[in-house]
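Take a look at the structure set out below.
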Amino acid sequence: MASVKVRFVFPGGKKIIEAEGQPGERLLDIAHHHDIPLEGTCEGQMACSTCHVIVSRADFPKLPLPSEEEEDMLDFAGGVTATSRLSCQIWLKEEWGSLEVQLPADVRNMQGR
Ligand code: FES
């Protein structure tokens, strides 16, 4: 299987970390393997929203629609946009080829909440 290129863009585009993930891998786990500051406190139980990312407009349509639980949890995330998702609910698919996500601006403030 071909890997999927993942780009993590830090707030303001000041820093970009490029990673590769395997199909079926969870975006939150890839972030953790590369020391991206996404907390994911609840480990994917959809109870924290600290794993919030903003998917690029170009890539957003590739993703399956969020579940109702995910949408409800996104209501609690800071800096939510129309292309916001929870990274614990994104499993890479080979056909995407690549995926670009931005970290929300208040990602640091969420730590310790
Ligand atoms: S890790 Fe808590 S909602 Fe994603």
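The values are calculated or read from the model by the stated rules, or taken from the named source; none is laboratory data. Just so it is clear, the model here is predicted, and its values are computed rather than measured. Note: ideal-geometry Cβ built from the backbone for every residue, glycine included; neighbour counts use all protein chains shown. Note: accessible area is taken over every heavy atom of the protein model, side chains too, but ligands, DNA and RNA are not part of it. Shrake-Rupley method; radii C 1.70, N 1.55, O 1.52, S 1.80 Å.
Residues that are in contact with a Phe, Trp or Tyr (Cβ under 8 Å, 6 or more places away or on another chain), exposed (fewer than 15 other Cβ atoms within 10 Å of the Cβ) and part of a loop (DSSP other than H, G, I, E, B): does segment 37-45 have at least one? No.
Could you check segment 64-88 and list, in sequence order, the residues that are of a type in the set (S, T, N, Q) and under 21 Å from HIS32 (Cα atoms)?
Kept after step one, since they are of a type in the set (S, T, N, Q), are these residues of segment 64-88: 67, 81, 83-84, 87.
The answer is SER84, SER87.
Looking across segment 47-72 at every residue that is in a helix (DSSP H, G or I) and touching a helix residue (DSSP H, G or I) at 6+ places or on another chain (Cβ under 9 Å), the one that is least open to solvent (accessible area, probe 1.4 Å) is identified as GLU70. Each residue in segment 87-105 was checked for being not aromatic (Phe, Trp, Tyr) and not in a loop (DSSP other than H, G, I, E, B), and 10 pass. Being closer than 14 Å to VAL101 by Cα, more than 15 Å from the ligand (Cβ to nearest atom) and open to solvent by 20 Å² or more (accessible area, probe 1.4 Å) is the filter here; which residues of segment 1-33 pass it? Of everything in segment 1-33, those that are closer than 14 Å to VAL101 by Cα, more than 15 Å from the ligand (Cβ to nearest atom) and open to solvent by 20 Å² or more (accessible area, probe 1.4 Å) turn out to be LYS5, ARG7, PHE10, PRO11, GLY12, GLY13, LYS14, LYS15, ILE16, ILE17, GLU18, GLU20.
Could we say that ALA105 is aliphatic (A, V, I, L, M), away from the ligand (no atom under 16 Å from the Cβ) and modelled with pLDDT of 95 or more here? No, not satisfied.
For segment 71-108, a tally of residues being without any contact (Cβ under 8 Å) to a residue 60 or more places away in the chain and more than 9 Å from the chain's Cα centre (by Cα) returns 15.
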